[in-house]
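Q: Shown below is the structure under consideration.
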Amino acid sequence: MVLDRKTPPRIHDAIEFEYKLPPVTEGRLDNGLPLYWLNAGVQDVVEMDWVFPAGIWYEQKQAVAQAAAGLIKNGTSKRTSHQIHEALEFYGANLKVSAGNDFSTITLYSLTKHLPQLLPIVFEIITDAIFPQEEVEIHKRNAIDRLLVSQRQCEFVANQQIDALLFGDKHPYGRYSKKEIIEAITREDLIAFYKNHYDLSRVKMFMSGNVAEQEVKWVNEVFGKAAITNNPLIEQSYQPQEAQEKKHNLLNDQNGVQGAIRIGRLFPNRHHPDFAPMVVLNTLFGGYFGSRLMSNIREDKGYTYGIYSSMSPYLNSGSLIIHTEAGRDVLEAAVKEIYHEMDVLCNEKADDDELLLVKNYLLGNMLGDLDGPFSIMQRWRTLILNDMTEANFNRNVNIYKTITADELQTLAQKYLRASDYHEIVVV
């Protein structure tokens with residue numbers, strides 16, 4: 001057989017491929033704790049996540065959730081902070097703890113073979129953190145120093161202010177830290193939050209990489225033997241309190257030559273039927289480098305190095321925010337162009353070539369996400385934590401493939417009306 005070296009292979013659009021989310025195994029440890037695991041990849045590495053309802057939403061006292069996440073691995077009754085970090089470094093492992101609006105996540109990256117030595121350390125951190133007073137004071141000083149530096153930056157202040165305008169500064173998604181709030185945190189606050197919200201009865205565990213039944217047994221030997229108390233979680237209830245005044249200007253630096261623009265609105269979370277279609281519209285509008293906002297305000301007008309719109313879905317609400325920084329002399333013009341692009345999408349249908357490009361961008365990114373065990377598990381983790389299933393993934397793929405320009409225009413008329421948006425410009 002003679003190879004044809006003159007005819008290139010056909011290039012396929014991402015929209016032509018079939019998308020199937022590789023299955024995960026859902027199991028229960030001996031004490032009933034849930035473990036979701038995925039055996040994929042060829043490297044002997046593992047990522048393991050312990051996810052708790054310990055985000056900002058659950059705070060009884062402001063700034064405690066992030067402080068608890070920042071300090072949880074800084075000492076137990078058996079090991080000092082130095083000893084914990086030394087042990088992790090000895091095995092070449094990385095342990096991260098982060099607190100978001102809804103969840104706190106402890107993430108371990110390690111060679112698979114070191115799990116038997118590392119899992120007891122993580123278990124100790126989750127069940128026996130003591131929050132030493134000295135570590136608390138160091139954390140507070142560092143947090144205040146970072147805050148004072150960040151408050152000089154217009155983009156940091158704008159991010160704080162737009163959330164407060166959308167949700168209200170008393171709402172968990174809208175309030176923000178201040179020096180006196182951080183100073184008021186006590187060790188007792190942290191221990192109380194930790195005991196309630198890092199209770200093992202609340203955990204969901206996710207393990208991915210080159211793992212199989214043996215690794216599941218290792219997890220069960222450590223976490224499956226723990227006594228589970230099943231303490232009921234105190235449910236919180238908050239309603240967004242949007243600011244009545246929609247447009248705000250804030251002078252943060254008298255000599256500033258650049259300003260930050262944030263224009264946003266409340267938007268439903270992942271469970272709303274408009275969420276997946278809006279992902280397509282938002283991508284076209286400002287969600288990637290070839291978007292309408294980028295083409296106009298960066299490429300054509302030269303007002304900014306970058307401008308994006310982003311959707312932030314939380315468990316109890318969500319937002320859509322346009323964000324950019326621009327020279328002080330062109331801030332007003334940039335804002336005007338943002339609203340102009342909204343109007344265009346409301347009044348004119350996207351052409352077929354542009355819509356195909358956006359679909360291929362979204363689905364091409366999804367192909368990348370389905371290529372490795374860690375990113376596949378990230379997809380599953382998002383579904384599971386939002387009480388969703390593979391059917392939701394399949395529905396989203398179908399929407400990305402089939403949504404029409406007419407549907408996008410209808411969606412724009414519903415969600416891109418300038419009068420619905422809050423605006424903050426910070427110099």
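Q: If you take the residues in the stretch 179-202 that are touching a residue at least 12 places away in the same chain (Cβ under 8 Å) and within 30 Å of Lys246 (Cβ to Cβ), which one is surrounded by the fewest Cβ atoms within 10 Å (Cβ to Cβ)?
A: Once the filter is applied, the top-ranked residue is Lys179.
Q: Return only the number of the condition from (1) outside any helix (DSSP H, G or I); (2) modelled with pLDDT of 95 or more that Asp371 does not satisfy.
A: Looking at each condition in turn, Asp371 falls short on (2).
Q: Take the conditions out of contact with any His (no Cβ under 9 Å at 6 or more places or on another chain), more than 22 Å from Ala164 (Cα to Cα) and without any contact (Cβ under 8 Å) to a residue 24 or more places away in the chain and apply them to Gly290. Does it pass?
A: no
Q: Ile144 - would you say it is in the same structural domain as Trp57 (by TED's automatic domain parsing) and in a helix (DSSP H, G or I)?
A: Criteria met by Ile144.
Q: Being under 26 Å from Ile228 (Cβ atoms) and assigned to a loop (DSSP other than H, G, I, E, B) is the filter here; which residues of the stretch 94-138 pass it?
A: Gly100, Asp102, Phe103, Ile130, Phe131 - these are the residues of the stretch 94-138 that are under 26 Å from Ile228 (Cβ atoms) and assigned to a loop (DSSP other than H, G, I, E, B).
Q: Condition (residue is loosely packed, with under 14 Cβ neighbours inside 10 Å and closer than 30 Å to Leu38 by Cα) applied to the stretch 296-318: is it met by at least one residue?
A: Within the stretch 296-318 (the criterion being loosely packed, with under 14 Cβ neighbours inside 10 Å and closer than 30 Å to Leu38 by Cα), the answer is yes, since at least one residue qualifies.
Q: In the stretch 162-195, what residues are of a type in the set (Lys, Arg) and within 23 Å of the chain's Cα centre (by Cα)?
A: Lys170, Arg175, Lys178
Q: Considering each residue of the stretch 352-369, count those that are touching a residue at least 40 places away in the same chain (Cβ under 8 Å) and either in contact with a Pro (Cβ under 6 Å, 6 or more places away or on another chain) or closer than 13 Å to Ser208 by Cβ (or both), and give that number.
A: In the first step, residues of the stretch 352-369 are kept if they are touching a residue at least 40 places away in the same chain (Cβ under 8 Å); the result is 352, 354-364, 366-367.
From the residues that got through so far, the ones that are either in contact with a Pro (Cβ under 6 Å, 6 or more places away or on another chain) or closer than 13 Å to Ser208 by Cβ (or both) too are none.
Summing the residues that are touching a residue at least 40 places away in the same chain (Cβ under 8 Å) and either in contact with a Pro (Cβ under 6 Å, 6 or more places away or on another chain) or closer than 13 Å to Ser208 by Cβ (or both) in the stretch 352-369 gives 0.
Q: Which of the residues spanning the stretch 131-149 are buried (at least 17 other Cβ atoms within 10 Å of the Cβ) and in contact with a strand residue (DSSP E or B) (Cβ under 9 Å, 6 or more places away or on another chain)?
A: Phe131, Glu135
Q: While we're here: Tell me, which strands (runs of 3 or more DSSP E) lie completely within the stretch 1-70 with 1 or more residues that are surrounded by fewer than 21 Cβ atoms within 10 Å (Cβ to Cβ) and of a type in the set (Lys, Arg)? Spell out how you get there, then give the answer.
A: Details: elements: 25-28, 34-39, 45-52.
So the answer is 25-28.
Q: Of the residues Asp102, Asp145, Asp128, which single one is out of contact with any helix residue (DSSP H, G or I) (no Cβ under 9 Å at 6 or more places or on another chain), among the acidic types (Asp, Glu) and touching a residue at least 40 places away in the same chain (Cβ under 8 Å)?
A: Working: Asp102 fails: out of contact with any helix residue (DSSP H, G or I) (no Cβ under 9 Å at 6 or more places or on another chain); Asp145 fails: touching a residue at least 40 places away in the same chain (Cβ under 8 Å).
Matching residue, one of Asp102, Asp145, Asp128: Asp128.
Q: For the stretch 247-287, which positions are assigned to a helix (DSSP H, G or I), touching a residue at least 60 places away in the same chain (Cβ under 8 Å), touching a Phe, Trp or Tyr at 6+ places or on another chain (Cβ under 8 Å) and crowded, with 21+ Cβ neighbours inside 10 Å?
A: Listed by number, the residues that qualify are Met278, Val280, Leu281, Thr283.
Q: Related question: Check off (1) under 30 Å from Ser317 (Cβ atoms); (2) not assigned by TED's automatic domain parsing to the domain that holds Gln62 for Phe206 and give me the number that stays unchecked.
A: Single failed check for Phe206: (2).
Q: Still on this structure, please answer the following. Scan the stretch 210-220 for residues that are touching a residue at least 12 places away in the same chain (Cβ under 8 Å) and among the charged types (D, E, K, R) and report the count. Break it down into steps so the answer makes sense when it comes.
A: Initial filter on the stretch 210-220 (touching a residue at least 12 places away in the same chain (Cβ under 8 Å)): 210-212, 215-216, 218-220.
Checking the rest, the ones that are also among the charged types (D, E, K, R) come to 215.
So the count comes out to 1.
Q: Starting from residues that are out of contact with any Leu (no Cβ under 7 Å at 6 or more places or on another chain) and not in a helix (DSSP H, G or I), keep the ones in the stretch 387-427 and report whichever is surrounded by the most Cβ atoms within 10 Å (Cβ to Cβ).
A: Tyr421
Q: So which helices (runs of 4 or more DSSP H) are wholly in the stretch 148-198 and hold at least 1 residues that are modelled with pLDDT under 95 and more than 27 Å from Val257 (Cα to Cα)?
A: So the answer is 187-197.
Q: Does Val51 qualify as being in contact (Cβ under 8 Å) with a residue 60 or more places away in the chain and of a type in the set (A, V, I, L, M)?
A: yes
Q: So which residues in the stretch 80-93 are in a loop (DSSP other than H, G, I, E, B) and in contact with a helix residue (DSSP H, G or I) (Cβ under 7 Å, 6 or more places away or on another chain)?
A: Tyr91, Ala93, listed by residue number.
The values are calculated or read from the model by the stated rules, or taken from the named source; none is laboratory data. Remember, it's a predicted structure, so these values are computed and weren't measured experimentally. Note that each Cβ is placed from the backbone with ideal geometry, even for glycine, and that neighbours are counted across all protein chains shown.
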